[in-house]
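Derivation of every value follows stated rules applied to the coordinates shown; laboratory data play no part. Keep in mind it's a predicted model, so treat the numbers as computed, not measured. Note: ideal-geometry Cβ built from the backbone for every residue, glycine included; neighbour counts use all protein chains shown.
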Amino acid sequence: MALNASASALPEVLILEPRVFGDARGFFLESFNAQDFAAATGIEASFVQDNHSRSSTGVLRGLHYQIRQPQGKLVRVVRGRVFDVAVDLRRSSPRFGQWAGVELSEDSHRQLWIPPGFAHGFLVLSETADFLYKTTDYYAPQHERSVLWNDPAIGIDWPLDGREPVLSAKDREAPRLAGVEHFD
């Protein structure tokens, strides 16, 4: 199999490790293969949009989700390193409000599957990072919501090393978990 999947701290959030073929010339990997993804995860996802963001060190994006048209996301880093986080926002889940964090980098080639019903965010650890993600539904700004990145009720252990993150106004002003719209 060309893809290994393992559970993160949240069993629905999966760490995917593609098989990498390398030699003196460089490397080759399949970044996505629908058959391998389904075989490794048991999930038949249909991706409709690919996104690419570039951010500099200390930038924290998130925690974002869409309350309608929820998106599953398959994310990876092709340049740099990030600390990637998913938060369970399914009220009926025994893990509601819990989080999982995984370092993704250009060297590890790891990917993360974040299913619908979870908020997502990341912190850039390198000088810059190019972050790619495939989504199972289209971006719908009218349905986009955010959760405060440092809400103590969630308690994410961001590797900030005493620095303040670089945030957008939307992320600075996001509501705490107790006040957000959530999934049933």
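Summary table below
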{"quantity": "Theoretical FRET efficiency, 1/(1+(r/R0)^6), r = Cβ-Cβ of W158 and E17, R0 35 Å, to 0.05", "calculated": "0.90"}
{"quantity": "Theoretical gain in end-to-end length, E103 to F183 [0.36 nm per residue, Cα-Cα removed]", "calculated": "26.2 nm"}
{"quantity": "Debye log10 I(q)/I(0) for the range 55-103, one point scatterer per Cα, at q = 0.24, 0.33 Å⁻¹", "calculated": "-1.10, -1.40"}
{"quantity": "Tail beyond 26 Å, pair distance distribution of the chain (Cα, percent)", "calculated": "27"}
{"quantity": "Estimated FRET transfer efficiency when R0 is 22 angstrom, pair F96-S126 (beta carbons, to 0.05)", "calculated": "0.10"}
{"quantity": "Cut-off 12 Å between beta-carbons: net charge of the residues surrounding S126, Lys and Arg +1, Asp and Glu -1", "calculated": "-2"}
{"quantity": "Inter-probe distance in nm under a simple model that places probes 7 Å from Cα toward Cβ, at R54 and E30", "calculated": "3.0"}
{"quantity": "Computed label-point distance, nm, for sites A2 and A38 using a 7 Å Cα→Cβ extension", "calculated": "1.5"}
{"quantity": "Full-extension gain in nm, Y138 to E173, via 0.36 nm per residue minus C-alpha separation", "calculated": "10.2 nm"}
{"quantity": "Neighbourhood net charge (12 Å Cβ-Cβ; Lys/Arg +1, Asp/Glu -1) for P159", "calculated": "-2"}
